[in-house]
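The values are calculated or read from the model by the stated rules, or taken from the named source; none is laboratory data. Predicted model, so just to flag it, every value in this text is computed and none were measured. Because the Cβ atoms are built from the backbone with ideal geometry, glycine has one as well, and the counts that use them run over all protein chains shown. Note: areas computed on protein heavy atoms with side chains; ligands, DNA, RNA excluded. Shrake-Rupley method; radii C 1.70, N 1.55, O 1.52, S 1.80 Å.
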Amino acid sequence: MQLTVDEQWILAYMNTRIHNWGDVRDDAVRAMKRIKDHRDFVDWTDYFLPKSRKEEIKRALTEFKKDKAQQKAKTDPKVAPRQIPIQLDERVAQILIKKAEAEKCSISEYLIKRLAS
């Protein structure tokens with residue numbers, strides 16, 4: 001069994017932070033290299049990290065997941081449809097707006113309906 005993406009991220013995060021933390025044992029970085037699976041990760045965390053650091057890592061992981069989800073929402077075309085500007089004659093735009101309002105939908109939805117039929 002391999003480490004999950006979250007565990008790999010936590011290890012990378014701790015590797016960058018561990019030298020600044022004064023309450024983590026000195027041999028934690030060397031022992032980190034021996035982590036191969038989830039059980040090793042849990043044992044390492046229980047042995048080397050004080051409770052306050054575990055809570056800090058949970059908060060950092062939550063923030064990481066939130067940022068990752070926001071980035072995915074911005075880049076994933078399925079999640080966030082792209083807006084493509086088009087050039088329309090003013091009269092055509094007014095007609096489209098009136099027809100969309102009459103059908104109580106957006107202009108994009110109106111155009112999709114008309115193109116589909």
(request) For the chain, give the magnitude of the charge dipole about the Cα centre (Cβ charges: +1 Lys/Arg, -1 Asp/Glu; no others), in debye to the nearest 20. (result) 300
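Sorted by mean Cβ packing within 10 Å, highest first, what order do the peptides 6-13, 109-116 take?
On the way: 6-13: 15.0, 109-116: 11.5.
Highest-to-lowest ranking by the protection proxy: 6-13, 109-116.
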(message) What are the ³J(HN,Hα) couplings of segment 38-53, residue after residue, when phi is run through the Karplus curve with 6.51, -1.76, 1.60 and θ = phi - 60°? Round to Hz, x for glycine and proline.
(response) 4, 4, 4, 4, 5, 4, 4, 4, 5, 7, 9, 9, x, 4, 4, 6
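Once you have the Kirkwood Rh of the chain from its Cα pairs, apply Stokes-Einstein at 37 °C and 0.692 mPa s and quote D in µm²/s. If you can, show how the numbers build up before the last one.
Details: Rh = 18.9 Å.
Stokes-Einstein gives a translational diffusion coefficient of 174 µm²/s.
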(request) For the chain, with a Gaussian network of springs between Cα atoms less than 10 Å apart, report the residue from Val24, Val42, Val92 with the top mean-square fluctuation. (result) Val92
(request) Round to the nearest 10 and give me the degree value, 0 to 90, for the angle of helix 90-102's Cα axis relative to the longest principal axis of the chain. (result) 80
(message) In whole Hz and in residue order, list the ³J(HN,Hα) couplings for segment 104-114 that follow from phi through the Karplus curve 6.51 cos²θ - 1.76 cosθ + 1.60, θ = phi - 60°; x for Gly and Pro.
(response) 6, 8, 7, 5, 4, 5, 4, 5, 4, 4, 5
(request) For the chain, with all protein chains present and a 1.4 Å probe, just round the carbon and sulfur fraction of the accessible area to a whole percent. (result) 53
(message) Taking θ = phi - 60°, what integer Hz values does the Karplus form 6.51 cos²θ - 1.76 cosθ + 1.60 yield along segment 17-26, in sequence order, with x for Gly and Pro?
(response) 8, 4, 6, 8, 7, x, 9, 10, 4, 5
